[in-house]
Each structure stands twice: as structure tokens, then as C-alpha cells.
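Taking it in order: structure first as C-alpha cells, then the write-up.
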Amino acid sequence: MLKSPAPPVGSRTRSVPSLALLCMEAISSKIERYPPECLGVLSESEWDSIVRCRHRKTAPKQGHGSAAGKVACTGNKIKNSITSKTGGLDGTGRLVPAISGQVMTAIEEACPRFKCSSVADDLVWKDCVEYKFRTGGPSRPRAFQYPWDLLVARLKRSGEDLVELLKPPCKISAVENTEEGESMVDASLLHRRGRVLERSIKVMSDAPMSVALLKSSGVGKSVQNFIKQCGKLHSKGGDIPAHVVDVWSERRIEGLNLSPLGHTQSRSVHMSPLEQLQRLLQGWKNVASSSGVEVTNGSDSHVEDCSGRDKKTTAEQHDKDMKMLQKCKQWRDIYYALLERESKMMENHGKRMRKIRENLNTDRPKISQLNFKAAGRRDRREAILGGARGVRAMTAAGKRGMFASASPSDSKMQQLRKETAIIASRQVPVGVATKQSHTSGRKSPAKFGFTVANAKTLQRKPAVGFGASVASATASRGVVGTGGSKRKAPSGQRSVALSGGKKLKALKKAGGGVFSSIQQKREIATKKAYLDRQRRR
């Protein structure tokens, strides 16, 4: 039997991925669809590789043409695609974690050995905490900003950096021995040390503080030693060494922890770095003394509280948070601790609201006694004359109540009547406007337009007999006699001469509102009836 020849050694190229890599990419792309029990066949290293691959594939890309390429996921380092975005959960523009917290919880419950994975803790659980409990939000107090071990390490490093700032540089090359080289080295060294000083103060001011944290990190002793060394250098009165950063000059500081309850404020403060460290040290002493520890140089009441307690967090709840923080060694522990804290806070809030509703009838303030004070005769008389009391006040109150009960606003008929009254009050008599337009050499556009509008409203169909005479008398602003002669009527009123020496007084110019046509019809009907009665006599 012929055997197939073995493949040549080294025939596989880098462009062809291995079968293990393809399987890991397939699992990582749809990891939420697999039952958690199926992932139990994976080892810890394979699970870490799948988490790295998932984190790399879900990273925000720079553009459409940027490809990450296929890189082996079994290595310790991953070449992520270069991104130009900032912010997000991890500072790279990521908006959601690579794997949701619910999926990770189900997987780690089914496979308990995955709970020890530091890769999943750094790449997934940290983003899950930031996604569900935002930094600075009401559901995440400052005590749960970092896990306990990471917080202790940050404070230790900050204290050690402060001590190193006072030491001279170790290595000096031949170029640095010259005057020009020394000046360049001093400038760069001071700039670098100034940034280290600002970072250390920022880390220490933002961190919550307790007696256990002071003992574990030893940051209090480091800060106290730094302050003493700076005081000795300044008290000598001589020249300060060139390698020592300036900690005595005031500078503008943004976001310093100077609030009464330890909040980080965004307002700018002018203060020297040495004074900041002194305030922090005194605040830590206050925290220790409040916990029952005897502290030298007793606490100052004017120094701010640096315990890291939020404004809406009670002292009892803050102590519970700090004790719970000591048990949180990883980011996943922070996630579960915040979930438990949120559920307890909601439960306590519900109990408090139910208690308030139950005691509403008993705790509500009630009027125990009402006393009436008799008003004097003079006060009653003035109130009656002013309309505050008496029949007029009762009538006005009844009208207000009637209209308020009918509708919250005026009815449509009332609005129409108001509009009609306003239009009628603004209109000018036609005769006056016409006379002004004839006498004046220049015609005002507003007056001319107003005259034309009134003329159009007063145009009627040609009437016979009395209607024609009334229309002509109205249009000419005069009085028509029996012989057809015209004479000017007195201002303010118009009259029409009738047979028998009698005169019919015409009404004033009708308003241009909604009811003007109805009113004119009634006037014409009244005039016709009057003329009929006169003829019958």
C-alpha cells in the first residue's frame, strides 16, 4: 500500500492561519451564542487567548481601510489596530465592553476556574464596571474607583515618587559635565519631576482613605517625610539644589480635592504643592482620629475631610463601602460589590417610601385651631367701598367661579366680542379720513389704505328710494334734504330730513367686526318699518 508523501517541513506560511487560530476566532466572534457549559473543555490559556481575540476584534477601528490582520492569539502580546479615537470605556473610543457582564457571569459560574483569569479581568471586567457604573455617577462612589490591591499599589508608588524627587540624579555622562549640558539636563529633569509631583498629588487627592489603607500603603509616612525634608531645605536659607523641584511657589491647580466632604472640585485654586500635601496629611490624620486612633498634632477643624465620602453618602454607609472594598481584589469583585450595593440601596429606598406613605396621615401637619379676628368698622367700610367685601365682591366672586367652572379660558363668543370692540375702537370715521386725503398734498400710505378698506366695507348694492338716500348720506358724511340739497351735519351724529319737517337720526358708523352685517340689517328693517308707519298716518 502506497503512503502519501509527508508535507515538506516549513511549507506552512504566515499568510495561512492555523486550525487552532480559526477555531478561536470562530468561538470569539459568537461566544454569547454558545452554552456556557460547552466552554468547559477549554484550558485557562485557551480561554485567555479567546478573550484577547474578542477584545481585538471589537476594538474601534481608525477607518474603513484599517485592517488589524490575522495575528496568533496564543501569544502574550496582541498587535491591536491603531486607533485615533479617545475617550470611551478604556480611552480608545470603546463604547461597550467586549463581552457583556451577564455573559461573563454565566461563563464563570459554569466554569469556576476562569475566575482566576487576569486577562479577562483587565480586558473585560474593567470595561463592564465602567459601562454599568460610570465613574462619578450616583451608583458608583469614589470608594469603588479601583480594586483594593491596585489602589494600594498606586498610593505606594505615589509615595515613593515623592521621596525620589529629593534625591540627585544617579548617572551623569561626560557631555552633562559641561555648563551647557548641565543647564539642558536641569531643565528637562525639573520638567519631568514637576509632572511626577503633579501626578502623585492628583492620585493621592482622588483616592479614598481609611486607617487600613494608610497602614497597607504607608503613604502617610512618605508624605510626612517629604514635607520634613522640604522644610529643612527651605530653613537653611542657602541655595536650593538644582535637582530639587520647586514646591514652594504657588500655582494654578485644577480639580483639587478641597470640598467639605472630599469631592473633587473643578474650580481653579492657587496653592503651592507643599501646602497641598500638608492639607492632605492633616486630612488623613482627621480620618485616623475619627476612627479612634491617637494622632500627634491634633486634628484641625478647618482642614477638609479627605476620606473620599460623597455628598449623598452617610458616614455609616462609607464605612461599609471601605470594608467591602478590602475584599475586592479584582475588577470582577468590584462589579459584584456594586451590584449588591445597588440592590440594597433600592430596597432601603422602597422601605423608606412605604413608611412615609403609611405614616402620611399621622405625620402630616394639621390645623389644630382656627381663630377669627373681628375687623373694625373702618376696615369693613373701606373693604365694602373697595369691592373686597359686600355685594359687589360676592357678585364678582360668583362670576369668576362660573367662568372658571365653565371653561379655563374665555369662550369663542367672548373672544369674538372682544375682537369686534377692539376693531371698532381703532377705526377712524370715513369722512375724516377722506377729507384729510383730499386736503393734504401728500397721501400717507397708511391713511390711504385705511380709507380704501373702509370704503370697500361700506359699499352696498344700489338701493331704491330711502335706501339710496341713506347710502348717499352715509358716504358723503352729510344730510340730504327733501329738495336734494346737501348740508353738513353736526359732528358726532348724522340725520336724514323726512317729509313733514321730521328728521331721522342715523346711527354712527358701524363697527367692522363680526356682528356688523347683522346690525346693519336690523337698522334697515327698523327704518323701513318707521317709514311705513309714517306713510299710513
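Projected label points at residue 312 and residue 15, each 7 Å from Cα along the beta carbon direction, are separated by 6.0 nanometres.
From most to least packed by mean Cβ count within 10 Å, the peptides 25-38, 130-143 give 130-143, 25-38. Once the chain from residue 34 to residue 373 is taken as fully extended at 0.36 nm per residue, the excess over their C-alpha distance is 113.9 nm. Among 15, 222, a tally of other beta-carbon atoms within 10 Å of each Cβ gives an order, fewest to most, of 15, 222. When you count the other C-beta atoms within 10 angstrom of each residue and take the mean per peptide, 206-215, 524-533 line up highest first as 206-215, 524-533.
Provide the FRET efficiency to the nearest 0.05 for the residue 383-residue 518 pair, computing r from the beta carbons and using R0 = 25 Å. It comes to 0.05.
Using a cut-off of 27 Å between Cα atoms, the listed pairs 215/327; 30/61; 156/323; 228/323; 285/320; 311/366 include 228/323; 311/366 as exceeding that distance. Classify the stretch 102-165: rounded, prolate or oblate, from the alpha-carbon gyration tensor (a ≥ b ≥ c, eigenvalue square roots; a/c under 1.5 rounded; otherwise prolate if a/b is larger than b/c)? In terms of gyration-tensor shape, oblate. For residue 251, the residues whose modelled amide H falls within less than 5 Å of its own, excluding neighbours fewer than 5 places apart on the same chain, are 271, 272. Each peptide in 354-363, 415-424, 224-233 receives the mean, over its residues, of other Cβ atoms within 10 Å, and ordering these scores from highest gives 224-233, 415-424, 354-363. Near residue 351, within a Cβ-to-Cβ distance under 14 Å, what is the net charge of the other residues, with Lys and Arg +1 and Asp and Glu -1? Taking every Cβ under 14 Å from that of residue 351, the sum is +3.
No value in this document is a laboratory result; all are computed from the given coordinates. These figures come from a predicted structure and were not determined experimentally. Heads up, the Cβs are rebuilt from the backbone with ideal geometry, glycines too, and the neighbour counts pull from every protein chain shown.
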